[in-house]
Structures are given as structure tokens and as C-alpha cells.
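For reference, the structure discussed in these notes is given below.
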Amino acid sequence: MDKSLIIGLLQNVAILLAFTFIYDIIWESEKAFRSKLNKILAGLIIGGIGVLLMNTPWTLSPGLVFDTRTVLLVNTGLFFGPFATLVGASVIGAYRLFMGGPGVWMGLATIISSASVGILWKLYRPSWRKSNYMIDLAIVSFIAHFCMFLSIFLVKGEESRAETFNTMTLPILTVYPLFAILVGRLLINRMNNHKVKQKLEISEVRYDSFVNRNSDMMFMKDENGRYVLVNDMFCEMVGKPREELIGKTDLEIYDKKHSGYYSDTDSKVLEKGEIVIFEELFNGKYTETTKFPINLGKDKIGVGAIIRDVTAKHKKREMQEVLLYLSRLSQIDNDLKVFMEKVHFHMKKLIQAENFYIALYDKESDKYTFPYYVDEFETVDPEESYSLHNTLTDYVRLTGKGMLINSKTEKEIAEHFPLTYEGEYSPVWLGAPLMDSSMKQVIGVAAVQDYADENAYNEDDLMLFEIFANTIGIFIDRITMLNKLKDAKESAEQADKIKTAFLANMSHEIRTPLNGIIGFSEMLMEEVQDKEQKDYSQIINTSAHRLLSTINDIMDIAKIESGQVSVVNENFNLLQTIRESYFFFKKQNLKVELKLVLPKQKSIDMLSDKIKIQQIITNLVNNAVKFTPEGYIEIGCIDEGDTVQIYVKDTGIGISDEDKERIFERFTQVESKGKRVYGGTGLGLSIVKEYVGLLGGEIWLDSEPGKGSKFSFRLKKPAI
Ligand code: ADP
């Protein structure tokens, strides 16, 4: 082979290699904006390369030059598509035409055929690159060069044609297709490289945004506990740049206590393959760390971690707990100072509350007192009243609204309110009204302030503080109410004592002369002989008795009311007691017949207050006597097993259904036609009812007007 042939071939190889790079630069990388103009430009460059190839040929004989334009064009058709290929082929064709010579037709034919084969293959087998592209490349390259071989027949002149045929057939059918395959293979490589690069770029961008544009902190450690990856948030949290963390262990970054705990949890993850979750306070923030095993590749296991800032969640939970606790406390505590201290203690957990006070407003004096006042700079006298006109405190009370005051809001208020300041100035102040439980009256103001940091509070803090103020307001309202009740109870008790003492006194004062009257009128009744005088003494005696019984009733009621009546239990035979009551009345020679109906047995043993039972029976019989003009009165007893029933029945005037409800009430008497017919105070039955109640029994009434009444009560027998 001639030397120029080798040089030409090598030059062609070099140019085609350059072509593959150009493919890379102007074609693959511009994929996104492959416009017509771009395609024309690509075509022109291909044309240029073609021309370059044609200028580094090996010349068989003058006018018969060979080069690798077919290799170029078939690949152009396959990789650049019809448009750019046509532009390129036109440039190359025009140049070949311009060069002339005996090979001009063959030259043109090879240009057209190789470009067409490439284009057609791409058009009809658009996805040829996806499967066995080497086979496709081989077939296309061979067809294109077979066409080149055929075009030898277009060479002008017998001799030239023969020479061409002899020297070029073998290279055209072997070296050229191989060369075309090689270039095609290179282009595919380029293309794939490009795809891989793009994928890598995308995954890198995705990885970066996933790991770093994230509110969670993340890291990865290798099997020796060295950091291999940290995200931006983690660096920020630790307060160190990435370079100072990568390759380091926890021991080199944190103190012993922390690093010890961290490596313990790491080994749990590494040794047991467990997921470990823990919460901790980390640089002033509550964090929740989830550690899990990760595959580091090459059979190595490391520790991955996602650390979440749960401060907000934590705060919210804490806030709920505090508010719940205080709202409960506001129902239980009774001492303002104690309560306020607790409120203050818990409030400090949630907001800046070094300086905290409550000011209670007194309408009458238009002044404030400070039952609770804690301040870094100021003190107040808790006993003193202060006039706070035109202060922020007063402003909040007047508007009834919670307020966050800083230099900005302060100016706004000062525009319509003549603000003045008392004491040390603080750049930020938070105040909320204390409302009474009806939420209508502002009873005072609660406030916190910070002297150092103007941004100590935000709107959320204001809201929270208002809730605190509400709880305090309700508490104060409650204890005020409680104190009022206490006072009222005390004065009522005092009044009651006076009343009881008065009554005891009075009863003594009245009973003593009455006893005199009763005793002497009885003596008179016996002594005097004159009928008229005897009658008078009788009247005096009866009246005195009635007065005494009235006094007794009133005294009984007074004692019951003041809770001075107590039950004195003793063992006794109930039947005997009833019998005594019966004989007491029998002796008195009543106008109507008096019956006694007792069960057959000898005794009913009771453990109860005998005197009260007798009093009950006496009262009932007294009533029956009063309201029974004719017929009889019956005192009876029925043994019911566990209980016993005692009754007083009469054939008197009876009681209507509507009166039945009322007669046990105090001072109730049934009126007949608006007139009082029978004497009495209306207290007897209410005393009876109270007594039965005290003895643990029940009383009821059966009655029919005109026919009579039956009062019954039931008592429990003692358990044997
Ligand atoms: P008083 O001192 O007036 O008797 P009570 O409380 O003992 O007061 O009785 C209230 C009223 O109940 C009586 O005024 C009377 O109208 C009615 N009442 C009580 N007992 C009887 C009865 N056995 N028969 C009819 N009415 C009665």
C-alpha cells in the first residue's frame, strides 16, 4: 500500500473521530432545543467535515479520489436524521461536483446512496439502537458500501473503472463497512455516555434537594461511627461546617456523656439491625432521632439517621398540660398568692415571664391593687392602691382587649390615647384583661414584660397569655364569690346564735310565769266553791296550757331550725310507750271515745328516741281531738316485721286532697271560708314530720273530707 494511502486513511480516521466529538457537542447536548436552525447548522458542519475529508483523500489517479465520506454520511443519516443529513449531503455533493474529474458521478452516487441508506434506516427502524444495534450497524454499513461498490460502474473511462475496481473493491466491501461500524459504535457510546451523565445529574439534583432542602436533619455514619454524609440542617444544628464533621466520630464532636449515648444507640442499630428512636433536648431544641441500618455498599453496614425538630409539638403538649393543670387548679385552690405562684411557675415554661403582675381594679376608688407583682426592677406595696390613669394597664382594662405592645403598636396607641409610663420602661409588654366569670366585667389586668428583648413575644404568646389571664380571672371571681359566701354564712350563723339565745331566754321568761299561772289556777279551781269563779279559773288554766303548748311548738321548731335537736336512742318496749300515751289522753276525759288497737304480742322492742315518738303521738292525737267533733279517735300499732307502723285515726272533719300536700309545711292551717275556726300555730305537723325524719322513718296521711283522717308513720325496728 502506498504511503499516501495510509496517511489519507489516518487523516480520515482523525477527522471522523473529531466528528464523533462534534456530535457530542452540537447534537446530543443541544437535544432540548434542536430547532430547524440548529439542524441546518449541524448539516453545514457535517458538510464542512465532508469537505475536509474530501481534501485529505488518497488519489488513485487524477480525478479519482477516495475518502471516507460514505462512512460519515451513513452515520449522519443514522444519528442526525434526514434534515441535517440532507443539508450536509448537499454541501458535500456540491463540492464533489465542483471538484469534477472522472470519478464525479461515482462520487455523487456514493454521497446520495450512503446518506439515503442511513436516513431510510433511521426512518424505518426508529428504535434500532435499543436492541442489537451492532447487527443493525453492520447491515446498514454493508448496504451503504455495497452501493458504493456498485457506483464504481459509474466511473468514466474503461481504464479508470478497471483500476478502481481492482484496487477499491476489497477495501470498499471490508475496511469501509468496518470503519462505518466503528464510527457508529463510537457515536452510540457517546450517546449513552450522555444519557448516563444526564441521569447522574438528575439524580444528584434530586439527591441534593431531598437531603438538603428538607426541614429534617440527616446523617450517615460508616461501620466505625465516622460521619460519611451530613445534610445542611444537621450542620446548622450542630453548629459546625460539613468539613469539620465528615470523617469524624461523635467522640470528637460532642462531650463524653452525649457521645456515649450516641455510640450506644449506634451499636444497637449495627449489631441487632434494629431501628432506634429517641427524643432528647439538643442545643435548646426537642428532637426526635430515628436511627436505622443502611447499606453502604461492598457488604458494609452503617447507621443512617433522621432527626426531627419536635420542639413545636413538645411545646404544644406542654402548653396543653399546663393549661389543663391550671384550669383544674383554679377550681381547687383557695389562696390567691399560692395560686398565682403556681401560675407564674408554669407560665415561665411557655413564655418569657420573669416580670409578671396582676393589677385588680376597684371601681369605687378608680384605683388598682397589685396582689401579685414580680419584677426585676420594680416593687410595689401589696397593701397600697395605685391610680394608673393613662397607663397601658389602664388601657387594656378600658378596651377589654389583650395587647402586645412594642415600639410600633405603642406609637399607634399613643395617637389616640394619652399614654404615660410608670416606672422602668420595657420595650415589650404583653397585657390581657381579667374578666369575671360572666365575661362582662373587666376586674383587672395581667401583664408580662421583658426589659431586654423587644422580640420576646409574638401573637401566639399573646393568645396564650390571654388564656392564662382568663383562668386567673375565673379564679379571682371564684374566690371573691367564695369569700362573700363565707361572710354571709358567718353573719347568718352569728344571727342564728343570737336568735337561739333569745328564744331560750324568752321561753324561760315566758314559761316561768306561765307555770305560776297554771299552778295557781289549778289551786283556785280546787279551792273556790263559787261555780262562776270555778269556770273562770278553768278558763285561765286552759288558756295557760294552750299558751304553753304554743311556746313549746315554737321552741321545738326553733331548735330544729338551728340544728339543735338531737336523737337520743334507748331500748324500750314500743307497745308500752303507746299505751302510756293512750292513758295520758284517756285521763283527760275527751269529748269523743278513745280507742287503742295493738298487736297481740307482749312487746315490740325498739332502739330509738322514746320521748320523740311520744311527742309525735301526742301532737297527732291533739290534732285529732281538735278536728273531731263526734265519733272516735283510734291510736294503733301494726307490726310489719322489719318495720312497725303507728297511726292515729279519727272520724273528724277530714282533709281535702289539695290540703294534704301543704299541711306538713310550717305555719300551714286549712282555712274554712277564709276564717280560722280552730286554734293553733300551724307548727304541729311540721314538727311531727321533722321528728319522723330524724328517726329515719316516713309519715303519710289518708283522709277523706267529712269522714276522718288517718296519720301513719313507719319506723325501722332494730336489727337483731
Ligand atoms: P295546728 O297548730 O294548726 O294544728 P298543725 O301543723 O298541727 O297545726 O296542723 C296543720 C293543719 O292541718 C291544721 O290547721 C288543720 O287544718 C289540718 N289538720 C291537722 N290534723 C288534722 C286532723 N286530724 N283532721 C283534720 N285536719 C287536720
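The values are calculated or read from the model by the stated rules, or taken from the named source; none is laboratory data. All values reported here derive from a predicted model rather than from experimental measurement. Positions of Cβ are generated from backbone atoms using ideal geometry, with glycine treated the same way; all protein chains shown enter the neighbour counts. These area figures cover heavy atoms from the full protein model, side chains too; ligands, DNA and RNA do not enter into them. Shrake-Rupley method; radii C 1.70, N 1.55, O 1.52, S 1.80 Å.
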**Request:** Assign unit charges at the C-beta atoms only (+1 for Lys and Arg, -1 for Asp and Glu), then state the dipole size of the stretch 497-562 relative to its Cα centre in Debye, rounded to the nearest 20.
**Result:** 400 debye
**Request:** For a quick protection proxy, order the peptides 397-405, 614-622 by their average other-Cβ count within 10 Å, most packed first.
**Result:** 614-622, 397-405
**Request:** Project the alpha carbons of the chain onto their principal axes and report the range along each, largest first, in whole Å.
**Result:** 197, 72, 57
**Request:** Using the charge dipole of the stretch 130-224 (Lys, Arg: +1 at Cβ; Asp, Glu: -1 at Cβ; taken about the Cα centre), state which of 211, 162, 177 has its Cα farthest towards the positive end.
**Result:** 211
**Asked** If r is the Cβ-Cβ distance from residue 487 to residue 463 and R0 is 41 Å, what FRET efficiency results, to the nearest 0.05?
**Response** 0.65
**Request:** Keeping all protein chains in place, calculate the accessible area per residue for the stretch 140-276 (probe 1.4 angstrom), answer in Å².
**Result:** 58 Å²
**Prompt:** Helix hunt in the chain: which complete DSSP H runs extend at least 20 Å axially by C-alpha with mean Kyte-Doolittle at least 0.5?
**Reply:** 3-22, 36-54, 82-99, 104-124, 133-150
**Message:** Can you compute the charge dipole magnitude of the chain about its Cα centre, using +1 on each Lys and Arg Cβ and -1 on each Asp and Glu Cβ, nothing else charged? Give it in debye, rounded to the nearest 20.
**Reply:** 4100 debye
**Convex hull (Cα only) mean projected area of the stretch 570-716, reported in nm² to one decimal** = 8.6 nm²
**Unit charges at the beta carbon, dipole of the chain: most positive-side option, 127, 231, 322** = 127
**Prompt:** Roughly speaking, to the nearest percent, how much of the stretch 316-490's 1.4 Å accessible area is carbon and sulfur?
**Reply:** 51 percent
**Request:** Report the charge-dipole magnitude of the stretch 588-715 in Debye, nearest 20, computed about the Cα centre from +1 at each Lys and Arg Cβ and -1 at each Asp and Glu Cβ.
**Result:** 460 debye
**Prompt:** Can you pull the percent of the stretch 497-562's accessible area that's carbon plus sulfur, 1.4 Å probe, other chains left in place?
**Reply:** 61 percent
**Request:** Would you calculate the separation in nanometres between label points at residue 586 and residue 539, each defined as 7 Å from the Cα along the Cα-to-beta-carbon direction?
**Result:** 3.4 nm
**Request:** Could you let me know the centre-to-centre spacing of the stretch 242-311 and the stretch 184-208, using Cα atoms, in angstrom?
**Result:** 35 Å
**Prompt:** Where the centroid of each part is defined by its Cα atoms, how far is the stretch 212-233 from the stretch 483-544 in Å?
**Reply:** 99 Å
**Item:** Cβ-defined net charge surrounding residue 259, 11 Å radius [Lys, Arg +1; Asp, Glu -1]
**Value:** -2
**Item:** Packing-based order for 328-341, 194-207, using average beta carbon neighbours within 10 Å, highest first
**Value:** 328-341, 194-207
**Fill in**
Surpassing 19 Å at the alpha-carbon level, of the pairs 363/411; 240/349; 240/300; 649/707, are 363/411; 240/349; 240/300
**Request:** Mind checking which lysines have their Cα closer than 25 Å to the Cα of residue 367? Skip sequence neighbours fewer than 8 apart in that chain.
**Result:** 337, 401, 440, 484
**Request:** Grab the Cα-Cα distance for residue 281 and residue 315, subtract it from 0.36 nm times how many residues apart they are, and report the gain in nm with one decimal.
**Result:** 11.0 nm
**Message:** Quick check on packing: order 243-256, 487-500 by the mean number of other C-beta atoms within 10 Å, highest mean leading.
**Reply:** 243-256, 487-500
**Request:** Calculate how large, on average over all directions, the projected area of the Cα convex hull of the stretch 283-381 is; give the answer in nm² to one decimal.
**Result:** 10.2 nm²
**Asked** For the modelled label position 7 Å from the Cα of residue 412 along Cα-to-Cβ, which residues of the stretch 441-458 have backbone nitrogen atoms closer than 15 Å?
**Response** 458
**Prompt:** Taking K and R as +1 and D and E as -1, what net charge do the other residues with C-beta under 13 Å from the C-beta of residue 528 add up to?
**Reply:** -4
